[in-house]
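First the structure, in the form of structure tokens, and then the observations on it.
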Amino acid sequence: MGAVGLGCMPMSWAYSTSQQRGDRSLRTVHAALDAGVQLLDTADMYGPFTNELLVGRAVKGRRSEAFLSTKCGLLVGDQHIVANGRPGYVRRACDASLRRLQTDVIDLYQLHRADPEVPVEETWGAMADLVTAGKVRALGLSAVGARAGRRVGARMHDGTIRQLERVQQVFPVSAVQAELSVWSPEALEDLLPWCAARGVGVLAAMPLGNGYLTGTLKPGQGFEPDDPRARHPRFTAEMMAANQPVVAGLRRIAERHGATPAQVALAWVLRQGRHVVPVPGTKREQWAVENAGAAAVVLTDGDLAEIDGLPRARGSWY
């Protein structure tokens, strides 16, 4: 695919909520489109709902330039998030997303999480009906939470692959969204090969390591209480300091290419296959344009070997 997408979640969900500004986010989406970005990724739970409203306003008059991806299947309560995969809910959720996005068709409709109380085949069948009805063009699946319910000795994406194999019997999967970055490369082990063998695209979530791989975060800087990094074991002051060699390695390569560490991190994701699209999230025009420029950074085999030789990230919960 050779392109970079835009994850719109930080514009209205988590990640320094005090800095979220609707007008700035609109400019960021427009700057990304101007820079050649097409894939815009959101979900009805982000906000909830406000992120889709923002994206809908941003693409008004520019719908033909955007590939809209959104998700259903998770409901946000005051203190909890629950899955809902009932067919009736899926149909209502899609109609609501279409209204918020101000469009008559969603390019990629993803199941955010399967409902443990509803066979995933039933949920997927309802989503397939949306394709038949012309409301959705293709279906995708977000990876099962890698840290939830893993069996001893199981590989990280075994649960996701089991789900994929089940829903593939109902309707083709066009894309899978899963975390993939220099410091979280686990999807290379089994998920990417599974997708490549079946012509399934991969949306690489968190390709910049929640911002750490940009080299702009400093150990001990602190995060707002509702920022997920405030509870992430890789973002303690100790672990951020311990993982500096990873960023230093990206910076060395970036200097050779006249690029930034973030662009090198994204270029590494792009080199994992033509079926892989990194989807970095940002709230700022500057970073959206910089991220889009990663498509022009061509890493050599020597660069890739150097990245492979970097220390594994510490402080992981995997």
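The values are calculated or read from the model by the stated rules, or taken from the named source; none is laboratory data. For clarity, every value in this text was computed on a predicted model and none was experimentally measured. No Cβ is skipped: glycine too gets one built from the backbone with ideal geometry, and neighbour counts run over all protein chains shown. Ligands, DNA and RNA are stripped out before the accessible areas are found, and what is left, the full protein with its side chains, is counted by its heavy atoms. Shrake-Rupley method; radii C 1.70, N 1.55, O 1.52, S 1.80 Å.
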Q: Using only the Cα atoms of region 204-243, build the gyration tensor, take square roots of its eigenvalues as a ≥ b ≥ c, and label the shape rounded, prolate or oblate: rounded if a/c is under 1.5, else prolate if a/b is larger than b/c, else oblate.
A: oblate
**Q.** Loop trypsin sites (Lys or Arg not before Pro), region 157-241 (other Cβ atoms within 10 Å of the site Cβ: 12 or fewer; DSSP)
**A.** R231
Q. Quick one: in region 1-140, what % of C-alpha pairs are over 18 Å apart?
A. 54 percent
Q: Report the convex hull volume per residue for region 76-192, counting only C-alpha atoms, in Å³.
A: 136 Å³
Q: Based solely on C-alpha atoms, express the radius of gyration and the Dmax of the chain in angstrom.
A: 18.8, 54
(Q) For the chain, take the longest principal axis of its alpha carbons; what is the angle in degrees between that and the long axis of helix 50-59, to the nearest 10 within 0 to 90? (A) 80 degrees
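If you take all C-alpha pairs in region 171-265, what percent of them are over 15 Å apart? Could the numbers behind the result be given before it?
Numbers: 2934 of 4465 pairs.
That tail contains 66 percent of the Cα-Cα pairs.
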Q. If one takes the longest principal axis of the Cα atoms in the chain, at what angle in degrees, from 0 to 90 and to the nearest 10, does the Cα axis of helix 22-34 lie?
A. 80 degrees
Q: Could you work out the local net charge near R91, counting Lys and Arg as +1, Asp and Glu as -1, over the other residues with Cβ closer than 11 Å to its Cβ?
A: +1
**Q.** Rounded to 5, the percent of DSSP beta bridges in the chain classed as antiparallel
**A.** 15 percent
**Q.** Sparse-neighbourhood loop sites, trypsin sites (Lys or Arg not before Pro) in region 52-97 - DSSP loop, at most 13 other Cβ within 10 angstrom
**A.** K60, R62
Q. How about K71: which lysines have a C-alpha closer than 25 Å to its C-alpha, ignoring those fewer than 8 places off in the same chain?
A. K60, K135, K283
Q: Report in % the part of the accessible area of the chain that belongs to carbon and sulfur, leaving out ligands and nucleic acids; probe 1.4 Å.
A: 52 percent
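Return one whole number: the accessible area per residue of the chain in Å², for a 1.4 Å probe. Don't jump to the answer; show the numbers that get you there.
On the way: 13740 Å² over 318 residues.
Averaged over the residues of the chain, the accessible area is 43 Å².
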Q. What are the residues whose amide H is under 5 Å from the amide H of I106, where those residues sit 5 or more places off or on another chain and H is modelled from the backbone?
A. V136, R137
Q: Calculate how steeply helix 120-132 sits against the longest principal axis of the alpha-carbon atoms of the chain, using the helix alpha-carbon long axis, and give the answer as 0 to 90 degrees to the nearest 10.
A: 80 degrees
**Q.** Fraction of beta bridges assigned by DSSP in region 177-318 that are antiparallel (%, nearest 5)
**A.** 10 percent
Q: Work through the residues other than D303 whose Cβ is under 13 Å from its Cβ and net out their charges, Lys, Arg +1 and Asp, Glu -1.
A: 0
**Q.** Kirkwood hydrodynamic radius over Cα pairs of region 187-318, then Stokes diffusion coefficient at 20 °C and 1.002 mPa s, in µm²/s
**A.** 137 µm²/s
